[in-house]
Amino acid sequence: MHILLARYHLRLEHAQSLKEKRGHLKRLIAALQSRHNIAIAESDHHDLWHDAEISVVTLSLQKEVAEATERAIAETLERDSDFVLGEWQLEWL
């Protein structure tokens, strides 16, 4: 079993409040969960309007499948106009 933890730093340039930020994150998390078999949560920067960190965990019997899932998620985040994808970290557990 291969377990991949990915942490993504996101910048929300246009968020005017924490409520607006939460709305954007809720939409993003729902979209990613509907497309991929993952566990996902906001994991840092809870009190900042313009910054967010999400953590994503994927499990697979094949390492290549977990890597492909991570690449697809990163590409989705790069294309999303509500967020600017900053750095991200990958950790195999």
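The values are calculated or read from the model by the stated rules, or taken from the named source; none is laboratory data. None of the values given here were measured: they were computed from a predicted structure. Ideal geometry is used to build each Cβ from the backbone, glycine not excepted, and the neighbour counts take in all protein chains shown. These accessible areas exclude ligands, DNA and RNA; they are computed on the full protein's heavy atoms, side chains included. Shrake-Rupley method; radii C 1.70, N 1.55, O 1.52, S 1.80 Å.
Near the amide H of Gly86, within less than 5 Å, lie the amide hydrogens of His9, Leu10, Arg11, all on another chain or at least 5 residues away, with H placed in the peptide plane. Just the protein heavy atoms count here, and of the accessible area of the range 8-69 at 1.4 Å, carbon and sulfur take up 55 percent. Each residue of the range 15-22 was assigned a 3J(HN,Hα) from its phi angle through the Karplus curve 6.51 cos²θ - 1.76 cosθ + 1.60 (θ = phi - 60°); the sequence is 5, 9, 7, 5, 4, 5, 4, 4 Hz, with glycine and proline shown as x.
For Rg and Dmax of the Cα atoms in Å, the value computed from the atomic coordinates appears in the list (i) 13.0, 42; (ii) 15.6, 45; (iii) 18.4, 58 under label (i).
Evaluated with a Cβ-only charge set (Lys, Arg +1; Asp, Glu -1), the chain carries a dipole of roughly 340 debye about its Cα centre, given to the nearest 20.
Please give the contour-minus-distance gain from Glu91 to Val65: 0.36 nm per residue of separation, less the Cα-Cα distance, rounded to one decimal in nm. Walk me through the numbers before you get to the answer.
Values: separation 26, 0.36 × 26 = 9.36 nm, distance 1.50 nm.
Answer, rounded to one decimal: 7.9 nm.
Surface calculation, 1.4 Å probe, protein heavy atoms: Trp92 sits at approximately 100 Å² accessible. The angle separating the long axis of helix 63-79 from the principal Cα axis of greatest extent in the chain is about 20 degrees.
Excluding ligands, DNA and RNA, the accessible surface per residue across the chain is 60 Å² with a 1.4 Å probe. Only protein heavy atoms count here; on that basis, with a 1.4 Å probe, Arg71 has an accessible area of about 120 Å².
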